[in-house]
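So the structure is just underneath, and the comments pick up after that.
The values are calculated or read from the model by the stated rules, or taken from the named source; none is laboratory data. These figures come from a predicted structure and were not determined experimentally. Neighbour counts are summed over all protein chains in view; Cβ atoms, including those assigned to glycine, are modelled from backbone coordinates with ideal geometry. Just the protein is used for accessible areas: all its heavy atoms, side chains included, with ligands, DNA and RNA removed. Shrake-Rupley method; radii C 1.70, N 1.55, O 1.52, S 1.80 Å.
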Amino acid sequence: QVQLAESGGGLVQAGGSMRLSCAASLRTFSGYTMGWFRQAPGKERELVTYIGGSTYYADSVKGRFTISKDDAKNTVFLQMNSLKPEDTAVYYCAACADSSCRLIARWGQGTQVTVSS
């Protein structure tokens with residue numbers, strides 16, 4: 001069964017950095033587009049970034065967040081710099097069923113990121 005396990009969340013001050021990791025038990029990990037989504041309290045879950053045949057970033061994180069993928073370790077990373085209080089959310093890793101993460105094959109359990117002002 002496909003499983004995704006996020007790690008690396010926590011509390012950070014505004015302007016700080018944090019790195020999230022997502023380890024995947026996917027037999028063909030290298031063939032998947034992998035994404036990160038986030039959901040803030042009272043808001044809908046939104047796509048932050050994905051990496052596969054192409055790389056996408058939401059405008060709100062462009063220039064501050066970097067997604068990377070290590071196929072040898074079946075792991076996808078999200079490096080978050082210059083964090084803002086509005087980045088506070090539960091961050092979810094996703095194995096995408098298509099090339100742009102409009103369809104999700106599997107969600108991780110989520111990890112809380114809190115940015116204090």
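Using a probe radius of 1.4 angstrom, the carbon and sulfur fraction of the accessible surface of the chain is 46%.
Dipole size of the chain about its Cα centre, with +1 on Lys/Arg Cβ and -1 on Asp/Glu Cβ: approximately 80 debye, rounded to the nearest 20. Descending by average beta-carbon neighbour count within 10 Å, the peptides 84-90, 40-46, 100-106 line up as 84-90, 100-106, 40-46, the highest first. Note on the chain: antiparallel DSSP beta bridges, both residues inside, total approximately 90 percent of the bridges counted. Per residue, the solvent-accessible area of the chain (1.4 Å probe, heavy atoms of protein chains only, all protein chains present) comes to 52 Å².
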